[in-house]
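Worksheet for the structure shown next.
What follows is calculated from the coordinates using simple rules that are stated; it is not laboratory data. Quantities reported herein were computed from a predicted structural model and do not represent experimental measurements. Note: ideal-geometry Cβ built from the backbone for every residue, glycine included; neighbour counts use all protein chains shown.
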Amino acid sequence: MTDAAPQPVFLKDYTPFGFLVDQVELNFHLQPTATRVRAKIAFRPNPAARDRRFFLHGEDLTLISAAIDGSPVTPEITPEGLSCPVPEAPFVWEAEVEIAPAENTALEGLYMSNGMYCTQCEAEGFRKITFYPDRPDVMAPFRVRVDCDLPVLLSNGNPVAQGAGWAEWNDPWPKPSYLFALVAGELVATSDRFTTSEGREVALNVWVRPADQGKADYALDSLIRSMKWDEEVYGRAYDLDVFNIVAVDDFNMGAMENKGLNVFNSRYVLASPETATDRDYENIERIIAHEYFHNWTGDRITCRDWFQLSLKEGLTVFRDSQFSADMRSAAVKRIEDVMTLRARQFREDNGPLAHPVRPESYTEINNFYTATVYEKGAEVIGMLRRLVGPEGYARALDLYFARHDGQACTIEDWLQVFEEATGRDLTQFKRWYSQAGTPRVKVTEDFRDGTYTLHLEQKTPPTPGQDEKQPQVIPLAVGLLSSNGDEVLPTTVIELTEARQDAVFEGLAAKPVPSLLRGFSAPVILERDSAPEERAFLLAHDTDPFNKWEAGRSLAREVLIAMVTEEAAPAPAWLDALAAVARDEALDPAFRALALRLPGEDELAEALAERGTVPDPLAIHAARERAKTAVARHLDPLWAGLYAQMDCPGPYSPGAADAGRRALRLAALGYMARLDGGARAQAHFAAADNMTDEIGALSVLLETGGADEALDRFARRWGHDRLVMDKWFGLQATLAAPERAVAVTRALTEHPEFTWKNPNRFRAVIGGFSANAAGFHDASGAGYDLVADWLIRLDAVNPQTAARMSTAFETWARYDAGRREKAQAALERIAAREGLSRDMGEMVDRLLA
Ligand code: 0A1
Ligand code: ZN
């Protein structure tokens with residue numbers, strides 16, 4: 001499957017395709033190893049293109065026949081596709097190919113999962129189904145007929161007709177091939193109807209395997225709420241007569257926004273209180289919304305080329321975050337988003353895989369579905385909205401939808417509508433799309449004669465291929481507090497545009513306490529020396545909920561770093577501040593639970609590296625354990641009360657209120673286990689009547705010891721449920737004590753249920769272990785070898801998932817020479833592997849560069 005020397009593609013080389021497609025007709029005769037696909041495609045010369053070479057992408061296809069305007073032709077075929085002389089006028093291309101979905105383990109194109117046929121075409125999977133200009137700027141209406149003896153046969157658009165063993169679908173909305181989908185299987189639907197604001201009656205179905213019947217209600221409910229929200233907030237109504245969602249067990253990513261037929265990893269659809277956690281419910285709601293929102297931001301308006309990926313992904317993530325904030329607590333959602341951004345995107349930006357939100361080249365586009373394109377892309381839109389205000393944002397979006405509906409667009413088109421709708425020059429702002437790396441904003445201050453001045457300096461460190469950076473536009477939301485906690489200046493946005501700049505506040509009676517970067521108004525790292533007392537003050541008094549949490553978080557980070565580097569005892573001021581938050585009943589329980597969570601080991605390693613200290617994963621782990629025990633002891637008088645108070649009587653509800661109470665209760669349980677030997681956690685596990693409590697108690701036991709019996713019971717109870725067992729596998733790999741982690745993980749990979757070709761199971765074990773920082777970075781290098789061995793093995797069957805998981809190595813350069821040498825050797829061993837995929841080849845090259 002390796003191309004000799006895969007060539008990178010460059011943004012600057014974009015040229016339009018020589019032909020337009022007026023109509024696509026596809027006919028599928030589904031057979032596991034001999035599926036026949038007939039395609040009839042109406043082409044016409046593209047007046048906007050100069051290059052008229054007729055090249056159609058196609059990979060792993062057996063061509064049976066081809067014809068132009070009814071006359072057989074013999075195209076020239078390469079591993080990438082075919083070319084052929086064509087008329088200079090409109091013509092009809094017909095081709096029949098044979099493919100083998102049952103042998104498709106890469107899960108890209110048409111493949112099989114548990115006896116069901118399904119497709120995944122983004123980014124370039126359609127070329128494994130038929131010969132086609134498989135690029136997002138070629139948009140066409142599709143008509144599809146499926147012949148197969150399975151009962152449910154689905155494709156994009158509206159149903160036209162169906163009979164025993166066949167069905168026909170028609171999608172009138174022109175779309176690129178990456179949005180094509182087909183599903184055939186024995187499936188059952190959970191259904192409802194929705195009437196759009198335009199009066200269209202839409203049939204909604206969530207299709208699952210019969211064994212999963214009854215677990216689709218929450219997905220369906222989330223869909224209905226998403227449809228309503230997009231009408232109310234963005235004025236976007238749905239545009240077909242049906243909306244189908246299908247849950248698939250074998251899926252490389254989370255879900256896919258195919259027009260009218262969203263295909264989901266079953267973990268983001270299936271839920272019941274007994275099998276899904278609060279977090280699962282939250283993710284289902286978010287991802288159902290995300291894929292639905294793509295109907296406008298992605299499907300109706302798509303990307304000109306894959307460099308523009310953030311045009312649809314950044315915007316759709318931003319929209320789904322707004323939705324979740326509206327459905328749940330906006331403050332908690334913001335804190336969680338920032339935690340994820342820092343854990344994934346800052347980590348990416350700081351390492352060998354750093355790239356701009358709009359990359360300039362790639363070898364394998366599948367490697368660019370990253371936290372930078374998605375999450376940083378969404379942050380960039382959040383900044384834009386802050387800079388132009390909500391009304392300006394709404395005007396710009398209206399213009400975007402009106403002007404670009406039905407088009408394949410660029411980041412320039414996107415920024416242009418903002419410039420026109422708001423009159424703002426976004427030339428400098430555009431650097432957010434082209435410069436990689438996380439800007440550091442250094443802040444110092446002085447106060448004289450009632451005037452308070454913030455001296456601001458911005459600097460973005462070099463990233464691969466970008467040594468020099470220009471200043472960016474950084475909206476810095478700031479508030480000022482007086483020493484008694486009153487707000488003397490409500491949130492104001494400073495626009496930092498220069499490398500150095502001052503912000504001056506006059507007429508103040510006394511030196512204020514600044515609350516900087518409120519709401520995390522820009523994806524930057526703030527550098528400011530401030531006393532622990534000031535952070536404790538902000539944790540107690542800041543009116544901005546994000547910064548209130550942030551004060552506690554940065555205080556905890558400082559304390560933990562001192563514990564690692566100086567073997568210091570945890571600062572009493574921090575412990576007192578935590579106690580005050582934990583007992584403050586005016587605060588949302590979900591917020592309190594977040595405040596009681598300590599910064600993760602990777603975050604601490606990153607913070608140490610940022611200060612020029614080589615992190616020691618074992619010392620970090622040990623310090624974090626000591627800190628947790630110190631918190632447990634210091635807050636001992638609180639736990640039992642909190643635990644009792646946060647009980648959720650009555651039937652389980654996945655809503656934010658109860659979920660927050662459960663989170664706080666489980667946080668208390670975790671700390672209590674450090675004092676009572678896990679007795680309460682054992683009882684909690686035994687009494688649990690929902691998965692949040694069951695898995696929460698099991699995690700506590702795994703962390704504090706004494707989980708063996710509970711693990712066995714759990715496996716006996718849930719052995720039949722794949723998604724639940726993924727949790728069982730994942731937790732053990734993630735929470736194993738550092739010295740046992742490699743052995744525990746190895747044993748898990750030898751478990752008969754380690755069905756490693758299933759991406760969810762592979763991610764649970766190998767991804768879970770990679771997230772166990774002290775285990776993965778074991779000084780012996782055994783963790784690196786274990787992961788490398790499995791990446792090599794998976795790469796041969798599923799390059800996309802294997803390549804994604806190689807990001808486990810993205811921080812290797814921050815460690816000591818011994819570890820570096822071993823990580824490098826593991827990466828070089830992967831790189832030297834014969835037959836390595838293009839996906840993995842590109843990743844290890846970048847990791848080693
Ligand atoms: N567009 C989907 C995610 C997705 C991306 C790539 C895939 O295969 C390479 C599959 C799904 C989304 O944003 O949800
Ligand atoms: Zn998306």
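Mind jotting down the distance between the C-alpha centroids of segment 768-846 and segment 448-519, whole Å? Each part reduced to its Cα centre gives a spacing of 40 Å. The calculated FRET efficiency for Thr755 paired with Lys40, based on their beta-carbon distance and R0 = 41 Å, is about 0.55.
Which three semi-axes in whole Å describe the equivalent ellipsoid of segment 1-135, each the square root of 5 times a Cα gyration tensor eigenvalue, listed largest first? Write out the running numbers ahead of the final one.
On the way: eigenvalues 129, 74, 35 Å².
Equivalent ellipsoid of segment 1-135: 25, 19, 13 Å, largest first.
Could the peptides 794-804, 87-97 be put in order, highest first, of the mean number of other beta-carbon atoms found within 10 Å of their residues?
On the way: 794-804: 23.2, 87-97: 16.0.
Most protected by this proxy first, the peptides run 794-804, 87-97.
Taking every pair of Cα atoms in segment 575-626, average 1/r, invert it to obtain the Kirkwood radius, and report Rg/Rh to two decimals.
1.12
Which value, in nm² and rounded to one decimal, describes the direction-averaged projected area of the C-alpha convex hull of segment 499-646? Could you put the intermediate results ahead of the total?
On the way: hull surface 42.9 nm².
Directional mean of the projected Cα hull area for segment 499-646 stands at 10.7 nm².
Think of the chain as a dipole: +1 on every Lys or Arg Cβ, -1 on every Asp or Glu Cβ, centred on the Cα centre; then among Tyr268, Phe762, Ala688, Ala688 lies furthest on the positive end. Pairs of Cα atoms nearer than 8 Å and 6+ residues apart set the relative contact order; for segment 675-813 it is 17 percent. The ratio of the alpha-carbon radius of gyration of segment 378-425 to the globular-protein estimate 2.2 N^0.38 Å is 1.06.
From the alpha carbon centroid of segment 552-591 to that of segment 178-251 is 44 Å. Could you sort out which of Lys376/Lys469; Lys40/Lys175; Lys12/Lys469; Lys312/Lys376; Lys469/Lys548; Lys333/Lys442 sit more than 22 Å apart by Cα distance in this structure? Result: Lys469/Lys548; Lys333/Lys442 exceed 22 Å.
Taking 0.36 nm per residue of sequence separation and removing the Cα-Cα distance, the Glu274/Lys12 pair yields an extension gain of 89.1 nm. Projected onto its three principal axes, the C-alpha set of segment 344-466 covers 59, 39, 21 Å, listed from the longest axis down.
The magnitude of the dipole of the chain, with charges of +1 and -1 set on the Cβ of Lys/Arg and Asp/Glu and taken from the Cα centre, is near 400 debye.
Can you check how the C-alpha radius of gyration of segment 408-447 compares to 2.2 N^0.38 Å, as a plain ratio?
Working: Rg = 14.9 Å, N = 40, 2.2 N^0.38 = 8.9 Å.
Relative to the 2.2 N^0.38 Å estimate, segment 408-447 comes out at 1.67.
When you restrict to C-alpha pairs under 8 Å that are six or more residues apart and normalise by the size of segment 29-110, the relative contact order lands at 45 percent. Suppose R0 equals 60 Å; then what is the FRET efficiency for Arg528 and Glu98 from their Cβ-Cβ distance, rounded to the nearest 0.05? Result of the calculation: an efficiency of 0.40. Throw me the Rg/Rh for the chain, computed over C-alpha atoms with Kirkwood Rh, two decimals. Taking Rg over the Kirkwood Rh, I get 0.96.
As a calculated quantity, the FRET efficiency between Arg448 and Glu420 at R0 = 45 Å, using C-beta atoms, amounts to about 0.55.
Three semi-axes describe the equivalent ellipsoid of segment 60-153; taken as square roots of 5 times the Cα gyration tensor eigenvalues and ordered largest first, they are 26, 15, 14 Å. Anisotropy class assigned to segment 634-690 is oblate, per the alpha carbon gyration tensor with a/c at or over the 1.5 cut-off and a/b no larger than b/c.
Peptide packing: for 113-124, 570-581, 660-671, the average count of neighbouring Cβ atoms within 10 Å per residue gives the ranking 660-671, 113-124, 570-581, highest mean first.
Per the Debye calculation on segment 179-276 with a single equal scatterer at every Cα and no solvent contribution, log₁₀ I(q)/I(0) for q = 0.22 Å⁻¹ amounts to -1.19. For Lys727, the lysines whose Cα comes closer than 18 Å to its Cα, not counting residues fewer than 8 places off in the same chain, are Lys215, Lys757. According to the Cα-based calculation, Rg over Rh for segment 328-368 is 1.13, with Rh computed by the Kirkwood formula. Length gained on full extension, Glu231 to Arg633: 139.7 nm, using 0.36 nm per residue less the C-alpha separation.
Within the shell of other residues whose beta carbon sits under 14 angstrom from the beta carbon of Pro172, the net charge comes to -3, with Lys and Arg scored +1 and Asp and Glu -1. Pairwise alpha-carbon distances in segment 730-800 exceed 16 Å for 39% of all pairs.
Subtracting the Cα-Cα distance of Ala817 and Glu487 from their residue separation scaled by 0.36 nm leaves 113.9 nm. Each part gets one Cα centre, and for segment 656-696 versus segment 388-436 those centres are 47 Å apart. Once segment 100-151 is represented by equal point scatterers at the alpha-carbon sites, with solvent omitted, what log10 I(q)/I(0) does the Debye formula produce at q = 0.28 Å⁻¹? Here the Debye-derived log intensity ratios amount to -1.20. Each of the peptides 637-648, 342-353 was scored by the mean count of other Cβ atoms within 10 Å over its residues; in descending order, highest first, they stand as 342-353, 637-648.
Could you please tell me the mean projected area of the C-alpha convex hull for segment 270-427, averaged over all directions and given in square nanometres to one decimal?
Working: hull surface 41.7 nm².
So the mean shadow area of the Cα hull is 10.4 nm².
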